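Participant: Once you've had a glance at the structure underneath, I'll fire off some questions.
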Amino acid sequence: RWQRVLLWGVLMAAWEAAWGQLRYSVPEEMPKGSFVGDVAKDLGLQLPAVSDRGVRILDRGRIPYFALHGKTGHLVTAERIDREQLCRLVEKCVLRCELIVEGQMEVYGIEVEITDINDNVPSFREAEMQLRMSEMTALGSRFPLSRAHDPDYGQNSLQSYEINGDKHFSLDVQKGPGGDQRPELVLAKALDREEAAFHELVLMASDGGDPARTGTARIRVTVLDANDNAPVFSQAEYKVRVPENVPLGSTLVTITATDIDDGLNGHVKYSMKKATDVASDMFQLDSETGEITLLRSLDFEEGDSYELELQAHDGGALFDTTKVSITVTDVNDNAPELTVSSALNDISEDAPSGTVVGLVHVQDRDSGPNGDVRCSLDRGVPFLLEKSFEDYYRVVTARELDREQVSEYNLTVRAADGGSPPLQSSAVLALRVLDVNDNAPVFAQERYSARLRENNAAGALVLRVRATDADWGQNARVRYRLGEGRVLQKFVVDAETGTITLKEPLDFEDTRAFSLDVEARDGGGLVAHCEVELEVLDVNDNAPEV
């Protein structure tokens, strides 16, 4: 049967992959590493690209139940899954995770339905039930019995009850509003305490599995002398609303029943007749006062309502039944959870507007306005937040960047819920801007001038020119050279420092002034020019000629 379920899940996944959502189905209790679905095939990913593109599974539960097989591209179970443990109160058990393809900045949602197998036996909370009945009990009287519990689902869950052991009683099973079965013991023959003071019965519960599994409980009925007045509750149903942060030990409600009989027959005690396992662990009933107190902390996100069926019985075993409905209201006790799912470490300053630099996920476990989350970025930064898939946001560039103005960004993404006061959280994306050669060198002066005596030796300093470049690294490295012409015979410039020196001595009588063209070139090929005017000063180095 589970092979057919897996085949149907694979076909559904292939149809829905184009919509960014994959759905699969797998039976519970499968061994670790069991096949769930062919994610690579359903998304059209080539197997060598699965690891190259940084494809990974992101499971936000406390325990990761699924993993991605890198060689096959299959989604497999990472743990043995118990449907009853995960989805005790949910009819359809669905686990969710996300598949992130980092190279493409794509996110796909994955839903895996956990189907039930018949791995639980119907069981009763009490192995033996004690009933006390007056010998004056009318024929046809009904007595609610404790119900069996089978955590399995559908046909594998509880289906029927049977009773045997005594001709005085029969079994009738009522259908509750939710379709649940409520066994009742029906008095079919008048009781006579003098004839039999006790009756022993066996109640059997069966599920619909193949083969069926059964559980039993013994019923011991004690017959009492007549008591003609039963307790009566003040209300047929008690309703109470409490916030989820109510302190432990608080009294939530007090139930009250009265009995007009006297003595032991008028003394009322209270008991919890029917409650789920969770409710019975959560609340405590005082059998004498009827106070219901809180044993464990409430959590709206785990359970927003509880229903108890309580009984008041007197000393003669007559009783009345009431229902207590407890509604839990939400309190803003969960701050938004903000997670950076993927982010760049650096970006070129000429990256176009709309370039994705990060992917963040936000969620809030509260409900209603307390769970409505608003995300924002700091003002004054050239980035925007865009909604992506479901609770994912993309951080994108709003315009081209300028490394020369800002070389690094610490982008703070903030999330605030709609509570009063709102709870907040934040995450930081550190981004470095990479340089592009978009700035040419700039000389400190467009025109330089110098004066130098003739006959200075080779290597004498003329002057030093200086150019700077706003770029970074190799793009900002400036080298100098002289223009073409006769000056190359007389002068030389240091390519690194810009220092101009003589190649040979100057002769005032030969040339009285020089004009030098100096070029500065950066590592990316951008250039700038400046002009150096040199005046040669005369020295008395020539005697008069007669």
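Participant: Return the residue satisfying two criteria in turn: it lies in the stretch 215-259 and is in contact with a Phe, Trp or Tyr (Cβ under 8 Å, 6 or more places away or on another chain) and of a type in the set (A, V, I, L, M), and of such residues it is most open to solvent (accessible area, probe 1.4 Å).
Facilitator: Among them, the one singled out is A230.
Participant: When you look at R23, is it modelled with pLDDT of 75 or more and open to solvent by 80 Å² or more (accessible area, probe 1.4 Å), yes or no?
Facilitator: It is true that R23 is modelled with pLDDT of 75 or more and open to solvent by 80 Å² or more (accessible area, probe 1.4 Å).
Participant: Here's a check for you: in the stretch 139-158, which residue that is under 32 Å from the mean Cα position of the chain (by Cα) and of a type in the set (S, T, Y) is nearest to K273 (Cα to Cα)?
Facilitator: Among those residues, the one meeting the criterion is S157.
Participant: Kindly establish whether V406 is in contact with a Gly (Cβ under 7 Å, 6 or more places away or on another chain), farther than 30 Å from E302 by Cβ and either free of Cβ contacts under 8 Å to residues at least 24 places away in the same chain or not basic (K, R) (or both).
Facilitator: No.
Participant: Now a separate question. Restricting to the stretch 289-303, name every residue that is closer than 21 Å to H267 by Cα and open to solvent by less than 60 Å² (accessible area, probe 1.4 Å).
Facilitator: G290, I292, listed by residue number.
Participant: Output yes when any residue across the stretch 349-359 is out of contact with any Ser or Thr (no Cβ under 8 Å at 6 or more places or on another chain), assigned by the TED database to the domain that holds T412 and at pLDDT below 90, and no when none is.
Facilitator: Among the residues of the stretch 349-359, at least one is out of contact with any Ser or Thr (no Cβ under 8 Å at 6 or more places or on another chain), assigned by the TED database to the domain that holds T412 and at pLDDT below 90, which makes the answer yes.
Participant: Let me ask another. So how many residues does the stretch 106-117 have that are open to solvent by 40 Å² or more (accessible area, probe 1.4 Å) and farther than 18 Å from V76 by Cβ?
Facilitator: 2
Participant: So is G140 touching a strand residue (DSSP E or B) at 6+ places or on another chain (Cβ under 7 Å) and not in a strand (DSSP E or B) or not?
Facilitator: Yes, satisfied.
Participant: Still on this model: For the stretch 75-104, how many residues meet the condition of being in contact with a Lys or Arg (Cβ under 9 Å, 6 or more places away or on another chain) and open to solvent by 10 Å² or more (accessible area, probe 1.4 Å)?
Facilitator: Selection size over the stretch 75-104: 10.
Participant: Within the stretch 418-436, take every residue that is part of a strand (DSSP E or B) and among the hydroxyl-bearing types (S, T, Y) and give me the one that is least open to solvent (accessible area, probe 1.4 Å).
Facilitator: Among them, the one singled out is S425.
Participant: Now for a separate question. In the stretch 73-86, how many are more than 13 Å from V26 (Cβ to Cβ) and without any contact (Cβ under 8 Å) to a residue 60 or more places away in the chain?
Facilitator: Qualifying residue count, the stretch 73-86: 2.
Participant: Moving on to the next point. Just to be sure, is R53 modelled with pLDDT under 75, open to solvent by 80 Å² or more (accessible area, probe 1.4 Å) and within 23 Å of the chain's Cα centre (by Cα)?
Facilitator: Against the criterion (modelled with pLDDT under 75, open to solvent by 80 Å² or more (accessible area, probe 1.4 Å) and within 23 Å of the chain's Cα centre (by Cα)), R53 qualifies.
Participant: How do the strands (runs of 3 or more DSSP E) wholly within the stretch 270-314 filter down when requiring 1 or more residues that are closer than 21 Å to R88 by Cα and under 29 Å from the mean Cα position of the chain (by Cα): which remain?
Facilitator: Answer list for the stretch 270-314: 305-313.
Participant: Residues of the stretch 22-40 being free of Cβ contacts under 8 Å to residues at least 40 places away in the same chain and outside any strand (DSSP E or B), which ones?
Facilitator: Result: A40, single match.
Participant: Residue by residue through the stretch 395-405, note down the ones that are under 33 Å from the mean Cα position of the chain (by Cα) and either among the hydroxyl-bearing types (S, T, Y) or open to solvent by less than 80 Å² (accessible area, probe 1.4 Å) (or both).
Facilitator: V395, V396, T397, A398, L401
Participant: Test Y393 against the criterion of being touching a Lys or Arg at 6+ places or on another chain (Cβ under 7 Å) and closer than 28 Å to Q104 by Cβ, and give yes or no.
Facilitator: For Y393, the condition - touching a Lys or Arg at 6+ places or on another chain (Cβ under 7 Å) and closer than 28 Å to Q104 by Cβ - is met.
Participant: Are there any strands (runs of 3 or more DSSP E) wholly within the stretch 348-414 with 3 or more residues that are within 24 Å of D330 (Cβ to Cβ), and if so which?
Facilitator: In the stretch 348-414, the matching strands (runs of 3 or more DSSP E) lie at 356-363, 373-377.
Participant: Name the residues in the stretch 466-493 that are open to solvent by less than 70 Å² (accessible area, probe 1.4 Å) and not hydrophobic (A, V, I, L, M, F, W, C), would you?
Facilitator: T468, D469, D471, G473, N475, Y480, G483, G485, K490
Participant: Continuing with this model, one more query. Could you say which residue among A236, A212 is of a type in the set (G, A, S), under 30 Å from T293 (Cβ atoms) and out of contact with any His (no Cβ under 9 Å at 6 or more places or on another chain)?
Facilitator: Of A236, A212, the one residue that is of a type in the set (G, A, S), under 30 Å from T293 (Cβ atoms) and out of contact with any His (no Cβ under 9 Å at 6 or more places or on another chain) is A236.
Participant: Is it the case that some residue within the stretch 512-535 is open to solvent by 70 Å² or more (accessible area, probe 1.4 Å), outside the structural domain of S348 (by the TED database) and among the hydrophobic types (A, V, I, L, M, F, W, C)?
Facilitator: No, that holds for no residue.
Participant: Residue pairs, Cβ under 7 Å, 6 or more apart or interchain, first in the stretch 158-182 and over 13 Å from R147 (Cβ atoms), second part of a loop (DSSP other than H, G, I, E, B) and among the charged types (D, E, K, R). List them.
Facilitator: Listed pairs, sorted by first residue: K167/K189; H168/K189.
Participant: If the requirement is being within 26 Å of R365 (Cα to Cα), open to solvent by 50 Å² or more (accessible area, probe 1.4 Å) and without any contact (Cβ under 8 Å) to a residue 40 or more places away in the chain, which of these qualifies: D286, D281?
Facilitator: D281
Participant: From the list D180, D172, D152, D166, exactly one residue is over 30 Å from G73 (Cβ atoms), open to solvent by less than 30 Å² (accessible area, probe 1.4 Å), assigned by the TED database to the domain that holds E195 and of a type in the set (D, E, K, R). Which is it?
Facilitator: None of the other options fit; the residue is D152.
The values are calculated or read from the model by the stated rules, or taken from the named source; none is laboratory data. Just so it is clear, the model here is predicted, and its values are computed rather than measured. All Cβ positions, even for glycine, are placed from backbone atoms using ideal geometry, and neighbour counts span all protein chains on display. When the accessible area is computed, the model is the full protein with side chains, heavy atoms only, and any ligands, DNA or RNA have been set aside. Shrake-Rupley method; radii C 1.70, N 1.55, O 1.52, S 1.80 Å.
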